[in-house]
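Worksheet: one structure, shown below.
Just so you know, all these numbers are worked out from the coordinates, no wet-lab data involved. Remember, predicted model here, so these are calculated numbers, not experimental data. Virtual Cβ from ideal backbone geometry, glycine too; neighbours counted across all protein chains shown.
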């Protein structure tokens with residue numbers, strides 16, 4: 001009896017440690033990708049840059065799956081949901097964000113994207129019948145308030161004039177698309193579809209969608225051979241796509257889409273920390289208070305749940 005209890009406690013500790021690793025890796029990697037994305041803008045159309053990024057990431061994942069001799073055969077129905085995840089998470093949301101950033105500051109985009117913590121709660125409740133826990137909702141609201149305090153200058157200077165309102169709608173659409181992609185991933189994991197293989201196929205489907213849209217809309221299929229572009233593309237494909245998405249989607253299956261989405265409130269802070277070191281960003285009292293509020297919300301969101309996320313009621317396969 002004591003032996004079984006000890007094994008159970010070790011398993012719980014190992015589970016928690018893996019969650020911490022996945023959570024930290026997601027925040028740190030995505031918090032640094034903004035530097036790489038800067039080098040992607042300019043010569044190559046964003047639609048093609050997104051396609052290049054995810055097609056290369058998908059190729060690497062397929063090679064890795066082949067090396068590990070993983071099962072790559074899924075039903076047509078499963079492929080449809082994997083393609084849905086790919087279109088929402090690896091294609092449409094990125095394209096809309098790129099379009100929005102043509103007229104919005106990165107700070108404001110970070111604020112809007114952080115609303116995914118709310119979108120994930122609502123969409124999870126509606127589509128997966130996941131309960132909305134009051135503590136998680138309170139933590140998310142605290143985090144949103146904190147991120148708004150951090151990016152108060154961008155919010156105060158925002159105007160609905162010109163293309164501002166359209167770009168804001170694009171940004172909200174991108175966030176909603178990403179949230180639905182999270183829910184599609186949660187559904188796929190509840191159906192016991194493995195993350196590595198679904199990511200490989202999903203990224204391939206997302207890249208194919210971008211190539212098709214580029215072809216239909218008459219985009220120029222160009223490529224930048226400079227070290228800055230190729231180096232940033234490799235970083236985004238390997239770290240920003242393969243590793244970070246693997247960690248993040250694993251978190252969705254382990255702690256739920258609502259809790260996993262809280263990373264969207266933390267990685268802008270990593271970006272600001274990098275900006276402090278590289279660009280001399282100056283911290284205001286409001287920004288410091290906002291960070292403390294975000295961290296307080298993080299404690300509430302990640303506090304142990306009594307109900308494991310994948311044992312909650314599941315929508316029928318239908």
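Just to compare against my own numbers: the Cα pair-distance distribution for segment 137-228, 5 Å bins, whole % per bin, please.
Distribution as computed: 3, 9, 9, 14, 16, 14, 16, 13, 5, 1 percent.
Between segment 72-90 and segment 264-279, what is the C-alpha centre distance in whole Å?
Segment 72-90 and segment 264-279 have Cα centres spaced 33 Å from each other.
Using only the Cα atoms of segment 39-104, what do you get for the radius of gyration and for Dmax, in Å?
Rg, Dmax (Cα atoms, Å): 14.9, 46.
So how long is each side of segment 46-308 along the principal axes, counting just the alpha-carbon atoms, biggest first, in Å?
Computed over the Cα atoms, the extents are 52, 49, 33 Å.
What nm value, rounded to one decimal, do you get for the distance between residue 129 and residue 73 when each label is placed 7 Å out toward the C-beta?
The two pseudo-label positions are separated by 3.2 nm.
Treat each spin label as a single point 7 Å out from the Cα along the C-beta direction, and report the residue 80 to residue 192 distance in nm.
2.1
How much length would be gained if the chain were fully extended between residue 234 and residue 215, taking 0.36 nm per residue of separation minus their Cα-Cα distance, in nm to one decimal?
Working: separation 19, 0.36 × 19 = 6.84 nm, distance 2.34 nm.
Contour length minus Cα-Cα distance gives 4.5 nm.
When the chain is fully extended, how far beyond the present Cα-Cα distance does residue 45 get from residue 155, taking 0.36 nm per residue of separation?
Values: separation 110, 0.36 × 110 = 39.60 nm, distance 2.79 nm.
Stretched out fully, the residue 45 to residue 155 stretch lengthens by 36.8 nm.
Please give the Cα centre distance for segment 133-190 versus segment 46-66, rounded to the nearest Å.
Answer, in whole Å: 26.
Taking 7 Å along the Cα-to-C-beta vector as the label spot, tell me the residue 166-residue 289 distance in nanometres, rounded to one decimal.
Result for the modelled spin labels: 3.7 nm.
For the chain, what does the relative contact order come out to in percent, with C-alpha contacts under 8 Å and a separation of six or more?
Numbers: 425 pairs, mean separation 120.7, N = 318.
Over the chain, the number comes to 38 percent.
Averaged over every viewing direction, what's the projected area of the C-alpha convex hull for segment 235-285? Give it in nm², one decimal, please.
Averaged projected hull area, Cα only: 4.6 nm².
For residue 17 and residue 63, calculate 0.36 nm times their separation in residues minus their Cα-Cα distance, and state this gained length in nm to one decimal.
Values: separation 46, 0.36 × 46 = 16.56 nm, distance 2.80 nm.
Result for the pair: 13.8 nm of gain on full extension.
Relative contact order, percent, of segment 168-300 when contacts are C-alpha pairs under 8 Å separated by at least 6 residues? If you can, show how the numbers build up before the last one.
On the way: 35 pairs, mean separation 38.5, N = 133.
Relative contact order, segment 168-300: 29 percent.
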